[in-house]
Amino acid sequence: MDGMKDSRAGLWSGWLWVPTLYFAEGLPYVVVMTLAGIMYTRLGIGNSEMAFFTSWLMLPWLIKPLWSPIVDVISTKRCWVIVMQWALALAFGSVAVALPGESCFRITLASFFAIAFLSATHDIAADGFYMLGLDEGGQSFFVGIRTTFYRVAMLFCQGPVVMAAGYMEESTGSVSWAWMWTFYGLSALFLVLALCNSLTMPHPERPGVSTVVAGSKRKRIADVVSEFGQSFVSFFRKPQIVVALAFMMLYKLPEAQIIKMINPFLLHPVSEGGLGLSTQQVGVVYGTVGVIGLLLGGIAGGFVVARGGLMRWMMPMAWSMSLTCLSFVYLSLAGGHSLTTIGSCVFIEQFGYGFGGTAYILYLMAFSAGPFKTSHYAIATGFMTLGTMFPGMAAGWLQEQMGYGLFFLWTMVCCVVTIAVAWRVRRSM
């Protein structure tokens with residue numbers, strides 16, 4: 001009876017901190033990966049520079065397993081979460097402070113890198129705390145809730161936040177001031193999140209007694225690092241590792257390039273080959289309609305795989321990742337589009353990406369199965385990030401050389417690679 005009461009108490013407690021924790025986990029990632037690109041485009045930064053430098057911002061998420069042992073053994077997960085959230089609030093504020101200045105590109109880029117590093121560290125601590133703050137039943141109960149609030153952060157940041165920035169652009173007549181106040185708002189929001197989580201998150205961990213100092217902790221760090229080294233070596237000894245690495249690095253080749261150019265294409269004037277939308281319209285089309293398409297595509301992908309299995313749907317999902325690129329070929333080559341047509345094409349492309357991306361994530365999970373599944377999945381997602389980062393870095397330069405029409409046609413050519421690696425994986429399983 002006492003166990004049942006404790007379980008119910010844990011569930012009620014979870015409602016106080018799980019939604020805010022995972023909203024706080026999703027928000028900085030979307031800011032760095034999407035909002036930064038929109039802001040830089042509106043500030044007049046060229047596609048080549050924007051895509052190259054914002055792709056580098058993915059680096060902390062790529063290499064975060066390297067410092068995860070430190071988070072595991074120093075202090076508590078709760079402490080790491082709270083400290084990272086307060087630090088993120090300050091980092092968002094630093095972007096706002098830098099925006100009106102003459103060197104805003106360099107300084108805000110450094111601030112975004114700090115946000116990326118803090119967010120990656122927050123991810124490690126938050127996911128670890130989730131397993132400590134809830135019992136097994138609570139973890140199962142809240143798994144859908146945490147995913148939902150992570151996605152709510154995505155929708156909030158790419159929709160209402162972008163629309164608010166667009167409204168301020170028009171009302172103030174200054175792009176830099178509009179985005180300055182946008183980031184002050186994000187900083188204030190993170191202060192509220194940090195305060196809420198400081199008050200509501202439980203204390204499931206007991207920090208080590210102060211007398212148990214460096215020697216013991218060094219030993220624990222050494223043990224964790226040794227275990228990670230073993231898992232790293234065993235990852236590359238898995239069967240079909242070459243095929244798996246090719247799939248991890250190349251399956252998203254078209255999307256890794258197109259995703260960097262969607263917002264500039266929507267924002268740039270028609271005279272430069274873009275669609276000439278306002279920032280507010282981009283918030284509606286890409287940040288709302290597009291995100292909904294992405295989420296629905298992911299849900300549909302999970303549903304059909306649950307019914308028919310991954311191997312049955314591997315090739316249809318690979319074709320889905322490919323054919324939806326046609327929507328942007330159409331938008332770039334045929335003129336005179338209404339906002340409804342643009343929204344429909346963005347929805348189709350993002351739905352296809354969400355649907356096709358399901359095969360990618362499920363394959364990574366299947367390939368990572370085994371004694372070191374957590375570490376192997378972290379390594380696999382690192383290669384996923386690498387496969388997105390490098391094509392994204394080149395996307396802006398390619399677009400500037402080709403123009404939008406030829407660039408989107410080029411992404412269609414790259415779809416051959418997606419189909420090929422998916423076919424090879426299907427044969428190997």
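Extension gain, Lys373 to Asp72, is 106.6 nm, computed as 0.36 nm per intervening residue step minus the present C-alpha separation. Across q = 0.14, 0.19, 0.21 Å⁻¹, region 45-86 modelled as identical point scatterers on its alpha-carbon atoms has Debye log10 I(q)/I(0) values of -0.51, -0.69, -0.75, in the order of the q list. Taking Met384, Met317, Met365 as the candidate residues, the one with maximal mean-square fluctuation in a Gaussian network model of the chain, Cα springs under 10 Å, is Met365. Any idea what % of Cα-Cα pairs in the chain are farther than 43 Å? The share of Cα pairs beyond 43 Å in the chain comes to 13 percent. Tell me, what % of the accessible area of region 323-374 is carbon and sulfur with a 1.4 angstrom probe? Carbon plus sulfur share of accessible area: 72 percent.
Estimated from the Cβ-Cβ distance and a Förster radius of 60 angstrom, the FRET efficiency linking Phe303 and Ser103 is about 0.75. Only alpha carbons enter this Debye calculation for region 226-375, each as an equal point scatterer, and the log10 of I(q)/I(0) it gives at q = 0.13 Å⁻¹ is -0.68. For Met389, the solvent-accessible surface with a 1.4 Å probe is about 0 Å², rounded to the nearest 10. Rounded to the nearest 500, the 222 nm mean residue ellipticity of the chain from helices alone is -27500 deg cm²/dmol, with -39,500 (n - 2.57) taken per DSSP H run of at least 4 residues.
Which of the helices in the chain, when you take each full DSSP H run, stretch at least 27 Å along the axis at their Cα atoms and have an average Kyte-Doolittle score of -1.0 or higher?
Values: long enough: 2-30 (41 Å, 0.02); 77-98 (31 Å, 1.37); 104-133 (41 Å, 1.14); 136-156 (30 Å, 0.52); 175-200 (37 Å, 1.34); 214-235 (31 Å, -0.10); 339-367 (42 Å, 1.12); 373-428 (43 Å, 0.63).
Helices meeting the span and hydropathy rule in the chain are 2-30, 77-98, 104-133, 136-156, 175-200, 214-235, 339-367, 373-428.
Pairs of lysines in the chain whose Cα atoms sit within less than 26 Å of one another amount to 17, provided the residues are eight or more positions apart or on different chains. Hey, what's the chain come to in accessible area per residue, 1.4 Å probe, Å²? On a per-residue basis, the chain sits at 44 Å². Spatially, region 270-329 and region 349-425 are offset by 14 Å when compared through their Cα centroids.
Please work out the FRET efficiency for the pair Val242 and Thr341, using the Cβ-Cβ distance as r and a Förster radius of 45 Å; give the result to the nearest 0.05. E(calc), rounded to 0.05, equals 0.55.
For Cys104, what charge total do you get from the other residues with a beta carbon under 15 Å from its beta carbon, if Lys and Arg give +1 and Asp and Glu give -1? Once positives and negatives cancel, what remains is 0. The alpha carbons of region 83-155 stretch over 53, 24, 14 Å along the principal axes, in descending order. Extension gain, Leu16-Phe141: 0.36 nm per intervening residue step, less the Cα-Cα distance, totals 43.6 nm. Stokes-Einstein diffusion for region 239-291, with the hydrodynamic radius set to the Kirkwood value over Cα pairs and evaluated at 20 °C in a medium of 1.002 mPa s, equals 164 µm²/s. Per residue, the convex hull spanned by the Cα atoms of region 296-421 amounts to 113 cubic angstrom. Accessible area per residue was computed with a 1.4 Å probe on protein heavy atoms; Ser344 scores about 60 Å².
Let me know the shape class of region 270-322, please: from the alpha-carbon gyration tensor, a ≥ b ≥ c as square roots of the eigenvalues, rounded when a/c is under 1.5, otherwise prolate if a/b is greater than b/c, or oblate. Since a/c reaches 1.5 but b/c is at least a/b, the shape of region 270-322 is classed as oblate.
Given R₀ = 51 Å, FRET efficiency for Ala334-Ser226 by Cβ-Cβ distance, to 0.05?
On the way: r = 59 Å, r/R0 = 1.15.
So, using R0 = 51 Å, E works out to roughly 0.30.
The slack in the chain from His203 to Ala394, taken as 0.36 nm per residue of separation less the alpha-carbon distance, amounts to 64.2 nm.
Start at zero, step by 5 Å, and the Cα-Cα distances of region 345-409 spread as 3, 15, 14, 18, 19, 13, 9, 5, 3, 1 percent across the bins.
The values are calculated or read from the model by the stated rules, or taken from the named source; none is laboratory data. The shown structure was predicted, so the numbers you read here are calculated from the model rather than taken from an experiment. Don't worry about glycine lacking a Cβ; one is built from the backbone with ideal geometry, like all the others, and counts go over all protein chains shown. What goes into the accessible areas is simple: the full protein's heavy atoms, side chains included, and nothing from ligands, DNA or RNA. Shrake-Rupley method; radii C 1.70, N 1.55, O 1.52, S 1.80 Å.
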